[in-house]
Amino acid sequence: DGIPFTGIFDGSDHKIVNLTIDTAGVNNHFLGLFGKTNNVQAQVINLGLENVSVLGGDESSYLGGLCAYNQYGTIDYCYATGSVSRGAYDLGGLCGINSEGTITNSFANSFVEGSNTYFIGGLCGFNHKGTISKCYSKGYVGGVNLQYVGGLCGVNTLGGLISLCFAANSTA
């Protein structure tokens, strides 16, 4: 799992270009610029990622361009473009899973693809008791043998709140 991010990261409207995370087929987890946030004070704000590439193994979980697993944290005014692919569950263009966290004013324009994958979405793979507001996703979401797929979010469960959002993804 590594050490979760618990601080404040203000990108000051800067962008990171060509970030590549490639597990070379090894089944690693928590793949993204931020592997995991785990604190109500954790904030990632005002940051863009362009042409990000996150490539997991067949059994990898929690993959997202910006954040793999946002637990209790806040993501605000952020975006990710690029690709997130190969993983067993929780794949999203911006965030793999949002668990009791908040994502606002953010977007993903990404190619998100899985094979034998659960919980895959253009913005967020799985929203568990989290809040997603004023966000959108576009790009592509697809693959083979998928379950729980959505243009914006693959699954929204247990009191998760999604408001003022839209998705304009293509699928295959």
So Thr37 passes all but one of these: (1) closer than 18 Å to Glu113 by Cα; (2) in contact (Cβ under 8 Å) with a residue 60 or more places away in the chain; (3) touching a Ser or Thr at 6+ places or on another chain (Cβ under 9 Å). Which condition number does it fail? (1)
Taking segment 22-46 and keeping only residues that are more than 14 Å from the chain's Cα centre (by Cα) and more than 17 Å from Thr6 (Cβ to Cβ), one is left with Asp22, Thr23, Ala24, Gly25, Val26, Asn27, Asn28, Asn46
List pairs: first residue in segment 55-73 and under 14 Å from His29 (Cβ atoms) and in contact (Cβ under 8 Å) with a residue 40 or more places away in the chain, second residue surrounded by fewer than 19 Cβ atoms within 10 Å (Cβ to Cβ) and small (Gly, Ala, Ser) anywhere in the structure, Cβ distance under 9 angstrom, at least six positions apart or on different chains. Asp58/Gly25; Asp58/Ser115
Turns out the strands (runs of 3 or more DSSP E) fully within segment 29-81 with at least 3 residues that are surrounded by fewer than 24 Cβ atoms within 10 Å (Cβ to Cβ) and hydrophobic (A, V, I, L, M, F, W, C) are 43-55
Can you confirm whether segment 19-27 contains a residue that is open to solvent by 60 Å² or more (accessible area, probe 1.4 Å), on the phi > 0 side of the Ramachandran plot and either in contact with an Asp or Glu (Cβ under 9 Å, 6 or more places away or on another chain) or of a type in the set (Val, Ile, Thr) (or both)? no
I'd like to verify a number: residues in segment 106-147 that are in contact with a Phe, Trp or Tyr (Cβ under 7 Å, 6 or more places away or on another chain) and either of a type in the set (Lys, Arg) or in contact (Cβ under 8 Å) with a residue 60 or more places away in the chain (or both), how many? 1
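Could you check, for segment 84-91, whether at least one of its residues is more than 9 Å from the chain's Cα centre (by Cα) and closer than 18 Å to Asn169 by Cα?
yes
If a residue has to be closer than 13 Å to His128 by Cβ and either crowded, with 24+ Cβ neighbours inside 10 Å or at pLDDT below 95 (or both) to count, how many in segment 90-112 make the cut? Give the derivation first.
At the first step, the residues of segment 90-112 found to be closer than 13 Å to His128 by Cβ are 90, 92, 95-103.
Retained after the next criterion (residues that are either crowded, with 24+ Cβ neighbours inside 10 Å or at pLDDT below 95 (or both)): 90, 92, 95-98, 101, 103.
Counting residues in segment 90-112 that are closer than 13 Å to His128 by Cβ and either crowded, with 24+ Cβ neighbours inside 10 Å or at pLDDT below 95 (or both) gives 8.
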Can Gly121 be described as under 15 Å from the mean Cα position of the chain (by Cα), more than 18 Å from Thr74 (Cβ to Cβ), open to solvent by less than 20 Å² (accessible area, probe 1.4 Å) and of a type outside the set (A, V, I, L, M, F, W, C)? yes
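The values are calculated or read from the model by the stated rules, or taken from the named source; none is laboratory data. Because the structure is predicted, anything quoted here is derived from the model rather than measured. Counting neighbours? That spans all protein chains shown, and the Cβs are built from the backbone with ideal geometry, glycine included. Remember, those area values only see protein heavy atoms, side chains included, never the ligands or the DNA or RNA. Shrake-Rupley method; radii C 1.70, N 1.55, O 1.52, S 1.80 Å.
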